[in-house]
């Protein structure tokens, strides 16, 4: 396969496996995957996704999850969330042996004074997921 075919195949796989999954009404759509070579052995894969959280969300947790894939050993997965241009939340998680990863974060909290649910997240967010992956192209 050529370089272009490898990138298209990788983008297709990431669209299926690298999507963010949230319970209930919180949704995410995969928008863009880019792969940048670092050296002869590994490349940096960046996935940019849009996460939408409804104003009336009642769920306390969100999850960023990636299915089994080729992740270079010893490199964590970096997750960055932005509201517009403003950074909101950053995380670093280790991939499991099969290359999958999962990160849970609080979408909302229960206010102990009022007993009401307070959303920490609402509206649209840009989420960037960075993974170091082994190179599959011998020309890199």
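The values are calculated or read from the model by the stated rules, or taken from the named source; none is laboratory data. Keep in mind it's a predicted model, so treat the numbers as computed, not measured. When we count neighbours, we look across all protein chains shown, and the Cβ atoms used for this are built from the backbone with ideal geometry, even at glycine.
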- Return only the number of the condition from (1) under 18 Å from residue 47 (Cβ atoms); (2) more than 14 Å from the chain's Cα centre (by Cα) that residue 90 does not satisfy. (2)
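Residue-wise test of (1) within 15 Å of the chain's Cα centre (by Cα); (2) within 20 Å of residue 66 (Cβ to Cβ).
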residue	(1), (2)
97	no, yes
101	yes, yes
110	no, no
118	no, no
121	no, yes
126	yes, yes
- Message: Regarding the range 25-32, can at least one residue be identified that is modelled with pLDDT of 75 or more and touching a strand residue (DSSP E or B) at 6+ places or on another chain (Cβ under 7 Å)?
- Response: yes
